[in-house]
1. So which aspartates and glutamates can K112 reach, going by Cα to Cα under 17 Å and dropping same-chain residues fewer than 8 places off?
2. At 7 Å along Cα-to-Cβ for each site, give me the label-to-label distance between V78 and T166 in nm.
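Only the coordinates and a few stated rules stand behind these numbers; no lab work does. Keep in mind it's a predicted model, so treat the numbers as computed, not measured. We place every Cβ from the backbone using ideal geometry, glycine too, and count neighbours over all the protein chains shown.
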Amino acid sequence: MTEKMFNKRVEHYKRKKSLSVKSIVFILLMISLLLLIITPKASAIGMSPAATTLDFTTEEKTYSFSIINSENKEFEIVIYVQGELAKYITLSHTSDRFRTDEESKEYQFSLKLPNNLDPGTRIGEIVVMEVPSSSEKTGTNLNARIALVHQVHVNVPYPVSYTHLTLPTN
């Protein structure tokens with residue numbers, strides 16, 4: 001192989017390599033740009049407090065939590081209960097609509113427990129889920145929805161005295 005042919009091959013590989021690097025950079029740039037365009041804004045709704053911890057009582061009591069609209073946007077929510085205490089929790093609302101001028105709203109729930117709950121910590125959950133707007137419901141879409149959970153912890157006492165032992169480990 002002559003020196004001239006060798007130099008031609010070297011030049012060919014250099015051009016090919018530089019094209020492939022340029023192509024990779026271009027493809028990565030286009031993917032990044034596409035992700036920026038199609039990524040939706042993050043919604044900013046919140047809940048306060050995140051949990052309510054109670055001692056066991058059979059009296060019906062009412063408690064509250066707030067939904068915070070920190071983005072000042074208009075949206076709808078649905079509220080439902082789940083977990084082992086779900087059948088003992090009654091909600092004041094099961095759906096609602098936030099306007100842009102509403103920063104937060106307070107919601108109540110009542111809890112009426114039976115006499116026969118098992119001892120220990122019993123947990124129920126109040127789920128608040130954002131509902132897609134009517135414009136998001138048309139056509140074929142893939143949407144992410146926010147769901148917040150307010151946990152209700154009830155400490156049910158043991159019927160007799162008991163000892164909680166901890167053993168040291170070495």
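1. Candidates past the 8-residue exclusion: D55, E59, E60, E84, E125.
2. Result: 4.4 nm between the two label points.
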